1. Which count do you get for residues in the stretch 300-327 that are within 25 Å of P418 (Cβ to Cβ), open to solvent by 60 Å² or more (accessible area, probe 1.4 Å) and assigned to a loop (DSSP other than H, G, I, E, B)?
2. Filter the stretch 349-385 down to residues that are modelled with pLDDT of 90 or more and among the basic types (K, R) and give me whichever is farthest from P208 (Cα to Cα).
3. Only one of (1) out of contact with any strand residue (DSSP E or B) (no Cβ under 7 Å at 6 or more places or on another chain); (2) assigned to a helix (DSSP H, G or I) fails for N374. Which number is that?
4. Given the options S149, S112, name the one that is modelled with pLDDT of 70 or more and polar (S, T, N, Q).
5. May I ask you to list the residues in the stretch 263-295 that are modelled with pLDDT of 90 or more and within 21 Å of I417 (Cβ to Cβ)?
6. Scan the stretch 236-252 and tell me whether some residue there is among the acidic types (D, E) and assigned to a helix (DSSP H, G or I).
7. Of the residues that sit in the stretch 176-194 and are touching an Asp or Glu at 6+ places or on another chain (Cβ under 9 Å) and assigned to a loop (DSSP other than H, G, I, E, B), which one is most open to solvent (accessible area, probe 1.4 Å)?
8. Could you please find all residues in the stretch 248-280 being under 14 Å from I322 (Cα atoms), charged (D, E, K, R) and in contact with a strand residue (DSSP E or B) (Cβ under 9 Å, 6 or more places away or on another chain)?
Amino acid sequence: MPVDICSQQQHTNMISSLSGTTDTSLSLNALSLTSALPPTDPDHPHHNMNKLCRQVSIESPGPGVKNCVFNFFVPIEDTPAHGARIKIVCAGACYRRRDRANSITSVSSVSSELSDYCPSVTSMSSPAHQGIREGSFFPGFEVAGVIESLGSEITEANNCGLRIGQRVIVYPFDETPAGYAELLVVPDLKYIVPIPDSLPMEEAAMLPTGALLAMHAVFKAQAVVTEILNQRAETDPNKKCKILIVGTGGLALWAVRIATYHFASTGAHNVDITVASLRDEGFRLATEIKNVSVVQWNECLYEPQLIERTKDVCGGPVDVVIDFGTTSRSLHRSMHCLSKGGVVLISEEVAEKLLPKFSRLSNEYQQEIIPISNGTVEQLAELVELVASRKIEPPPYSVFPCEQAAEVIQKLINSEIPGRAILRFHDIE
């Protein structure tokens, strides 16, 4: 059962490994206790920490590291006067790269984040642990739970319609506390989005980061598509606009579902969507989606063959690419599948690394690379309604007790879990 311990001790480091090892150096070096504490607020410099809650630290897997999942207790801040404290029920597997403190990315067994281009990726090493990327998995940024308490300054007039015990998800604000914990402190109610009883907690937990980023990418793609179709209205009104979605991880699976619904609901019937699947498992999942073409990017083939195969399936060069890959190789291939004047959408997380490398090529091909940020709180609320009403079906997922975190991560690394992995902290339903 989940642990919920009240204590007056301010700094307790009761650390135990979920996988049985007694070596806690990785957890202590990669994530210190202070890094799990709430950020310092200049207006409220003193935080009362009179409660401990369990937190799971999932470190970046690396060669020679047998254990990367740790369970320990951290002090939890009292409920902020104008905020709330959330009791976490479910959390999706996701991580935050430490070299990009504000970036949040979903990870699943079919995600390109873990292994799609691993042979060509040069990992950044942790100073303390050779082979481990300087970044850690912190499942917990995608969370769903219930409001445990509201701040002392919250009244009926300013509670935004929220109440104790209400089912909610949390928008990933910049200072979101790092880590998978039983309790999450939210400084402002504007970051909390209520969810209806009809939406299961495990599905709601997938929405705040991966699904929201995918939705924002689709909205941006629609703006590009609208501009292209307007330009063709007089010269070639019957020519369809082609969109290529790269990847079949959590991001891409959400994007293709959102895109098929969104373009159909807005009357944009002259849009063709193709998914470039990076893996066999992803290929199977993508083929289950109606009105979507699928091309498999088999890494055994030469680049010219893959590019030619993609163009054949798409019916020629595409107008827009939504690329959720994270490597130069993926972006390079996407640009070769793109028409002159086309647009590639990539996440902000990788844009800083890739844009300088491809500026010359994009100018030469007269193409534009546009970074996509996470969406807004308003978009998250809209996404909740669409998924709850089943206008958009969520990707496949599997739910596991949080005590099985170590086993789950190993299965993710080995691509043994189709779709998303969700860990459950409390069972309230």
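1. Number satisfying all stated conditions: 1.
2. The residue in question is R360.
3. (2)
4. Numbers: S112 fails: modelled with pLDDT of 70 or more.
Result of the check over S149, S112: S149.
5. V275
6. Of the residues in the stretch 236-252, the ones among the acidic types (D, E) are 236.
Checking which are assigned to a helix (DSSP H, G or I) leaves us with none.
No, the stretch 236-252 contains no residue that is among the acidic types (D, E) and assigned to a helix (DSSP H, G or I).
7. Here the residue is P187.
8. The answer is D272, and nothing else.
The values are calculated or read from the model by the stated rules, or taken from the named source; none is laboratory data. All values derive from a computational prediction rather than experimental measurement. Note that we place each Cβ from the backbone using ideal geometry, even for glycine, and neighbour counts take in every protein chain shown. When the accessible area is computed, the model is the full protein with side chains, heavy atoms only, and any ligands, DNA or RNA have been set aside. Shrake-Rupley method; radii C 1.70, N 1.55, O 1.52, S 1.80 Å.
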